[in-house]
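The values are calculated or read from the model by the stated rules, or taken from the named source; none is laboratory data. Note that the coordinates shown come from a computational prediction; the quantities given were computed from them, not determined experimentally. Here the Cβ is made from the backbone with ideal geometry for all residues, glycine too, and neighbour counts use every protein chain on show. Remember, those area values only see protein heavy atoms, side chains included, never the ligands or the DNA or RNA. Shrake-Rupley method; radii C 1.70, N 1.55, O 1.52, S 1.80 Å.
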Amino acid sequence: MRWYLLRRLLLAVPTLFGVTVVVFAAVALVPGDPVAALLGPGAPAEARERLTERLGLGEPLPVRYGHWLGHALQGDLGVSISSQRPVGELLLPALGQSLLLAGAAFALVLTGGVLLGALGAGRPEGPGARLSRALGTLAVSAPQYAVALLLIAVFAVELRWFPAGGTQDLFAGGTLADRLHHLVLPAVAAALVPLGLTARVFGAALGATLRSDFADGLRARGLGRTAVLRHCVHNAAPALLTIGGLQLAYLLEGVVFVETLFAWPGLGRLLYDALAARDLPLIQAGVLLVAVAFVGVNILVDTAHALIDPRLRGAL
């Protein structure tokens with residue numbers, strides 16, 4: 001297992017190098033002039049030249065990439081153009097807020113997805129299976145921003161059960177209960193689509209296992225219903241790990257709408273504001289951080305697969 005993990009980490013190195021190339025090139029080629037965004041379209045030519053030289057925008061793209069990569073490897077992600085603060089100081093608090101929101105949403109995805117998927121796995125044409133498919137389809141089909149607006153309108157504005165946005169109440173002092181109270185609505189809005197996908201994939205995998213010769217063999221040996229279900233859930237676990245890992249990565253990078261609508265100061269909202277301000281260092285660092293997190297989640301999922309199924313340890 002140790003060698004498997006080492007080989008998996010070594011394979012991640014060229015992947016991350018390719019990610020840095022794509023991230024830098026994609027952000028650098030985004031249309032727009034960051035100098036004009038900072039100084040305005042009517043700025044004097046001398047001021048434009050000085051700022052262009054200070055930001056290094058006049059150098060060839062490969063040279064700029066080399067400088068950026070060298071500094072990034074040393075932990076220097078640059079200075080934000082719009083706020084004139086180190087990028088790391090802006091990214092780390094936002095990353096913590098995004099991880100908190102993604103973690104809460106992921107707990108809902110796993111719990112709800114497993115329960116909803118298992119609801120109709122035993123009897124594909126039974127009422128439980130039909131209810132599971134209907135709820136799963138509704139969760140996947142409903143637009144995330146529309147669900148978020150509906151949650152705000154019903155539970156924050158009409159019923160006043162939860163706050164409409166932010167991370168804490170100014171008068172509550174930011175206690176744990178207050179923070180969890182603010183976390184409920186954005187976590188539910190972020191979890192809905194991944195929950196529907198997880199339920200459908202896990203339900204299909206568990207249903208196929210329950211109808212397989214493997215399950216029939218367990219029943220023929222006299223095992224009870226609970227024991228058969230436990231063995232079948234173990235066999236369906238790789239499918240849950242795969243879809244769960246993908247949904248966790250989606251939550252880390254795809255909750256921009258949720259963070260914006262709920263005024264949640266996370267990474268998605270920070271990148272949204274950086275794009276509007278053409279803040280290239282902040283955009284590059286933020287996208288790179290999300291990409292590294294995506295690769296890290298994939299390594300964790302592959303490692304979990306190898307722990308469950310030892311045959312995969314020799315697959316690399």
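Once you place label points 7 Å from the Cα toward the Cβ at A142 and R48, how far apart are they in nm?
Rounded to a tenth, the inter-label distance reads 5.0 nm.
For L307 and V63, what is the calculated FRET efficiency with R₀ set at 35 Å and r taken between the beta-carbons, to the nearest 0.05?
0.20
Based on the inverse mean of 1/r over its pairs of different Cα atoms, what is the Kirkwood hydrodynamic radius of the range 186-299, in Å?
Computed over the range 186-299, the radius equals 16.7 Å.
Longest segment of the chain with no trypsin sites (Lys or Arg not before Pro) in a DSSP loop having at most 16 other Cβ atoms within 10 Å?
1-159
Mind checking Rg over Rh on the range 126-197, alpha carbons, Kirkwood formula for Rh?
Taking Rg over the Kirkwood Rh, I get 1.10.
Just grab the label-to-label distance for D216 and R230, each label 7 Å out from Cα along the Cβ direction, in nm (one decimal).
2.5
What order do S82, S212, S98 take when sorted by accessible area (1.4 Å probe), most exposed first?
Correct descending sequence by accessible area is S82, S212, S98.
How much FRET efficiency would the formula 1/(1 + (r/R0)^6) give for L223 and D273, where r is the Cβ-Cβ distance and R0 is 51 Å, rounded to 0.05?
For R0 = 51 Å, the calculated efficiency reads 0.35.
Can you give the Kirkwood hydrodynamic radius of the range 1-89 from its Cα pairs, in Å with one decimal?
Over the range 1-89, the inverse of the mean reciprocal pair distance is 15.5 Å.
Given the options L289, L110, L271, state which has the largest fluctuation in a GNM of the chain using a 10 Å cut-off (strictly under) for Cα springs.
Result: L289 has the largest fluctuation of those listed.
Membrane-span-like helices in the chain: DSSP H runs reaching 30 Å or more (Cα, own axis), mean Kyte hydropathy at least -0.5?
Once both thresholds are applied, what remains is 2-28, 87-119, 176-210, 225-253, 280-308.
For the range 97-178, what is the charge dipole size about the Cα centre, in debye to the nearest 20, if Lys and Arg each add +1 at the Cβ and Asp and Glu each add -1 at the Cβ?
340
Only helical DSSP H runs with n ≥ 4 go in: add -39500 (n - 2.57) per run for the chain, normalise by residue count and round the 222 nm mean residue ellipticity to 500 deg cm²/dmol.
-24500 deg cm²/dmol
Please check: in the Gaussian network model of the chain (C-alpha springs, under 10 Å), which one of G96, G42, G128 has the largest mean-square fluctuation.
Highest fluctuation among the options: G42.
For the chain, what D do you get in µm² per second when you plug the Kirkwood radius from alpha-carbon pairs into Stokes-Einstein at 20 °C and 1.002 mPa s?
Approximately 95 µm²/s, per Stokes-Einstein.
Assigning unit charges at the beta carbon (Lys, Arg +1; Asp, Glu -1) and nothing else, what dipole magnitude in debye, to the nearest 20, does the range 215-316 show about its Cα centre?
With Lys and Arg at +1 and Asp and Glu at -1, about 600 debye.
If I take every Cα pair under 8 Å that is 6 or more residues apart in the chain, average their sequence separation and divide by the length, what percent do I get for the relative contact order?
For the chain, the relative contact order is 27 percent.
If I model a spin label as a point 7 Å beyond the Cα along the Cα-Cβ vector, how far apart are those points for V157 and M1 in nm?
Rounded to a tenth, the inter-label distance reads 5.2 nm.
With unit charges on the beta carbons (Lys and Arg positive, Asp and Glu negative) and the dipole taken about the Cα centre of the range 7-165, which residue among I81, F17, P127 sits farthest to the positive side?
Positive-most Cα among the choices belongs to P127.
Can you list which of the GluC sites (Glu not before Pro) found in the range 24-126 are DSSP loop residues with at most 12 other C-beta atoms within 10 Å?
E125
Among L271, V193, A215, flag the residue with its Cα farthest along the positive direction of the charge dipole of the chain, charges on Cβ as +1 for Lys/Arg and -1 for Asp/Glu.
My answer, from the dipole projection, is A215.
Hey, how many Å between the Cα centroid of the range 136-150 and the Cα centroid of the range 164-220?
The distance from the Cα centre of the range 136-150 to that of the range 164-220 comes to 14 Å.
Check V79: other-chain or 5+ apart residues with amide H under 5 Å from its amide H, H built from backbone geometry?
Amide H neighbours of V79, under 5 Å, 5+ apart: V87.
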